[in-house]
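S.K.: This structure is in structure tokens; I'll ask about it shortly.
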Amino acid sequence: MATIDRVEVLVTSPGRNFVTLRITTSDGVTGLGDATLNGRELAVASYLRDHVAPLLAGRDPARVEDTWQYLYKGAYWRRGPVTMTAIAAVDVALWDIKGKVAGLPVYQLLGGRSRDGVLVYCHASGVDVAALVDDVAAYREKGFKAIRAQAAVPGVSGTYGIRKGAYYEPAATALPEEQLWSTEAYLDFAPAYLAKVREKFGFGLHLLHDVHHRLTPIEAARFGKSVEELRLFWMEDPTPAENQEAFRLIRQHTTTPIATGEVLNSIWDVKQLITEQLIDYVRTTTVHAGGITHLRRIFDLAALYQVRTGSHGASDLSPVTVAAAVAVDISQPNFGIQEHMGHTIETYEVFRGTPQVTDGLLHPSEEPGLGIEYDDEVAARFPYQPRYLPVARNLDGSVHDW
Ligand code: KDG
Ligand code: MG
């Protein structure tokens with residue numbers, strides 16, 4: 001029997017920080033798992049290096065489920081982003097190994113294709129409405145069928161989601177940047193610019209919008225109601241998601257579909273949202289919600305309640321997560337949509353084999369495992385750099401949800 005021989009925690013920053021776990025078996029088979037937690041990267045690196053790697057040596061790499069249970073139940077301390085990201089990295093690396101040993105892509109181990117391709121949505125944004133409309137047009141030209149639209153709110157320096165250069169990268173400073181926020185200005189402005197996008201492009205386009213946890217439930221209800229006739233694909237994170245009950249109030253007021261879950265890490269964090277049908281799309285990911293093993297458990301629960309999937313896929317999730325997401329998305333019956341932001345050229349040089357979008361769809365690699373190779377030499381050119389997400393403050397100086 002092959003055993004786990006080597007466990008390495010690799011940190012590189014080809015445009016942004018990524019933490020990757022590489023497991024090597026006694027037969028020389030390697031598996032990769034993403035362990036990136038934006039702005040708290042080294043906490044997961046330490047969890048893996050100091051507390052998980054010593055427990056994995058000598059174990060059977062084929063025991064994916066048992067290893068998951070061992071790390072989750074065995075630690076006694078459960079859930080939370082650091083723990084669940086660390087467990088995810090091990091789980092995804094072991095699925096990668098299992099695929100390579102079987103000579104099959106991971107999606108085949110998950111039951112094979114349920115669909116021909118994975119529908120993705122990209123991010124259009126603009127410093128004003130005209131720039132947003134131009135950006136939407138450019139993404140449509142590239143073949144995207146679903147587009148998230150965000151425009152800078154006049155007078156609000158910290159509007160979430162506005163790209164400055166070729167890439168949107170909010171974790172851009174060595175200490176958190178402080179940005180201003182005004183809910184009143186946002187609520188007056190956002191429905192109007194979303195209407196402009198609809199007016200220009202019609203309904204033959206899936207239109208999404210991320211509220212980024214900024215509203216109270218009643219404000220979110222008002223927002224959802226005011227955009228109902230625009231038929232959004234979803235409004236994302238209308239209110240902070242820790243309080244699952246809060247979504248009931250939003251639900252009672254609007255038929256605008258609701259998506260949430262990118263900051264949630266376990267089935268327990270989404271149980272009420274799903275079983276009470278308080279949301280339409282669950283946005284948990286392999287990297288932050290315990291890997292392929294746990295994400296499928298969440299998605300299967302969601303299927304019972306007609307909740308579809310819409311996994312987080314920002315650029316702070318590494319190409320290993322893109323590959324793992326596509327494996328789940330292509331096979332999962334209740335798949336909805338996959339977020340896709342893309343990565344820098346340098347990132348693609350470190351993570352060779354990253355799936356690319358064609359005609360608005362992602363397709364899984366046909367290579368055994370996840371199909372990603374990590375290039376150590378290129379990675380070494382990009383050492384870790386401290387980078388933090390911004391912090392939002394209301395106009396009166398108090399801290400708001402970012
Ligand atoms: O690290 C935080 C980002 O991943 C987040 O701000 C992106 O909200 C986001 C999204 O929907 O992609
Ligand atoms: Mg989001």
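S.K.: Label point 7 Å out from R248 along Cα-to-Cβ: which residues of the stretch 278-310 have amide N under 18 Å?
M.R.: The answer is 278-280, whose backbone nitrogens lie closer than 18 Å to the label point.
S.K.: Still on this structure, I have one more. Summing +1 for each Lys or Arg and -1 for each Asp or Glu, what net charge is found among the other residues whose Cβ lies under 13 Å from the Cβ of F201? Provide the component values of the computation, followed by the final result.
M.R.: Numbers: positive: R140, K145, K196, R198, K200, R231; negative: D134, D135, E141, E199.
That works out to +2.
S.K.: Another question, if that's okay. So how much slack lies between S46 and T173, counting 0.36 nm per residue of separation and subtracting their Cα-Cα distance, in nm? Walk me through the numbers before you get to the answer.
M.R.: Details: separation 127, 0.36 × 127 = 45.72 nm, distance 2.22 nm.
Full extension of this stretch gives 43.5 nm more.
S.K.: Still on this structure, please answer the following. Which of the GluC sites (Glu not before Pro) found in the stretch 276-364 are in a DSSP loop and have at most 15 neighbouring Cβ atoms, other than their own, within 10 Å? Intermediate results must be reported in sequence, preceding the final value.
M.R.: Values: sites: E276, E339, E346, E349; in loops: E276.
Taking the stretch 276-364 and a limit of 15 other Cβ atoms within 10 Å, the loop GluC sites (Glu not before Pro) found are E276.
S.K.: Above 18 angstrom, tally the Cα pairs of the stretch 326-401 and express them as a % of all pairs, no decimals.
M.R.: Working: 1764 of 2850 pairs.
Taking all Cα-Cα pairs of the stretch 326-401, the fraction more than 18 Å apart is 62 percent.
S.K.: Additional query: Sort 298-304, 219-225 for me by packing, meaning the mean count of neighbouring Cβ atoms within 10 Å per residue, highest on top. Let's see the in-between values first.
M.R.: Details: 298-304: 19.0, 219-225: 20.6.
Result, highest mean Cβ count within 10 Å first: 219-225, 298-304.
S.K.: When the chain is fully extended, how far beyond the present Cα-Cα distance does E349 get from K200, taking 0.36 nm per residue of separation?
M.R.: On the way: separation 149, 0.36 × 149 = 53.64 nm, distance 3.75 nm.
Result: 49.9 nm gained on full extension.
S.K.: Where a Cα-Cα gap under 13 Å defines reach, which aspartates and glutamates qualify for K98, not counting those fewer than 8 residues away within the same chain?
M.R.: Qualifying aspartates and glutamates at Cα under 13 Å: D27, D60, E65, E367.
S.K.: Sticking with this one: As an exercise, identify the chymotrypsin sites (Phe, Trp or Tyr not before Pro) in the stretch 91-161 lying in DSSP coil whose Cβ has no more than 13 other Cβ atoms within 10 Å. Each step should come with its number before you reach the end.
M.R.: Values: sites: W95, Y107, Y121, Y139, F144, Y160; in loops: F144, Y160.
Filter output for the stretch 91-161: empty list.
S.K.: Shape verdict for the stretch 249-402, please, from the Cα gyration tensor: rounded (a/c under 1.5), prolate (a/b greater than b/c) or oblate.
M.R.: Working: a/c = 2.22, a/b = 1.26, b/c = 1.76.
In terms of gyration-tensor shape, oblate.
S.K.: How do M1, M84 line up, fewest other C-beta atoms within 10 Å first?
M.R.: On the way: M1 8, M84 27.
Fewest-to-most ranking of M1, M84: M1, M84.
S.K.: So if I place +1 on the C-beta of Lys and Arg and -1 on the C-beta of Asp and Glu, and nothing else carries charge, what would the dipole magnitude of the stretch 250-391 be about its Cα centre? I want it in debye, nearest 20.
M.R.: Numbers: 9 positive and 17 negative charges, 128 e Å.
The calculation lands at about 620 debye.
S.K.: Here's a follow-up. Starting from the Cα-Cα distance between L104 and V399, subtract it from 0.36 nm times their residue separation and give me the gain in nm to one decimal. Could you put the intermediate results ahead of the total?
M.R.: On the way: separation 295, 0.36 × 295 = 106.20 nm, distance 4.89 nm.
Result: 101.3 nm gained on full extension.
S.K.: Only Cα pairs under 8 Å and at least 6 apart count here; give the relative contact order of the chain as a rounded whole percent.
M.R.: Details: 898 pairs, mean separation 89.9, N = 402.
Averaging sequence separation for qualifying contacts and normalising by length gives 22 percent for the chain.
S.K.: Taking the chain as the reference, fit the longest principal axis to its C-alpha atoms, fit the long axis of helix 129-141 to the helix C-alpha atoms, and give the angle between the two in degrees, 0 to 90, nearest 10.
M.R.: So the helix axis and the longest Cα principal axis differ by about 50 degrees.
S.K.: Now a separate question. Checking the table K100/K145; K142/K196; K196/K271; K200/K225 against a 31 Å threshold on Cα-Cα, which pairs fail? Before the final figure, lay out the partial values.
M.R.: On the way: K100/K145 33 Å; K142/K196 21 Å; K196/K271 36 Å; K200/K225 21 Å.
Result: K100/K145; K196/K271 exceed 31 Å.
S.K.: Now a separate question. How far apart, in nm, are the 7 Å Cα→Cβ label points at A166 and A2?
M.R.: Result for the modelled spin labels: 3.7 nm.
S.K.: Right, here's the next one. Once the Cβ-Cβ distance between A192 and D134 is put in as r, and R0 is 25 Å, what FRET efficiency do you end up with, to the nearest 0.05? Provide the component values of the computation, followed by the final result.
M.R.: Values: r = 17 Å, r/R0 = 0.69.
For R0 = 25 Å, the calculated efficiency reads 0.90.
S.K.: Once the other residues with Cβ under 12 Å from the Cβ of S13 are scored (Lys, Arg +1; Asp, Glu -1), what is the net sum? List each step's numbers first, then the result.
M.R.: Working: positive: R16, R381, R387; negative: E41, E169, D316, E346.
Residues close to S13 contribute a combined charge of -1.
S.K.: Based on DSSP, what percent of beta bridges with both residues in the chain are antiparallel, to the nearest 5? Don't skip to the answer; put the middle values down first.
M.R.: Working: 22 of 47 bridges.
Of the beta bridges lying entirely in the chain, close to 45 percent run antiparallel.
S.K.: Quick one: dipole size for the chain, taken about the Cα centre, charges +1 on Lys/Arg Cβ and -1 on Asp/Glu Cβ, in debye to the nearest 20. List each step's numbers first, then the result.
M.R.: Values: 38 positive and 49 negative charges, 122 e Å.
Around 580 debye, computed over the chain.
S.K.: Stokes-Einstein at 4 °C, 1.567 mPa s, Kirkwood radius from Cα pairs: D for the chain in µm² s⁻¹? Numbers along the way, then the final one.
M.R.: Values: Rh = 21.4 Å.
The diffusion coefficient I find is 61 µm²/s.
S.K.: List the trypsin sites (Lys or Arg not before Pro) within the stretch 117-206 that DSSP assigns to loop and that have no more than 13 neighbouring Cβ atoms inside 10 Å. Write out the running numbers ahead of the final one.
M.R.: Values: sites: R140, K142, K145, R148, R163, K164, K196, R198, K200; in loops: K142, K145, R163, K164.
Listed in order of number, the matching sites are K142, K164.
Throughout, read-outs are computed from the coordinates displayed, never taken from laboratory work. Bear in mind the structure is a predicted one, so any value in this text is a computation, not a measurement. Reconstructed Cβ throughout: ideal geometry from the backbone, glycine too, with neighbour counts over all protein chains shown.
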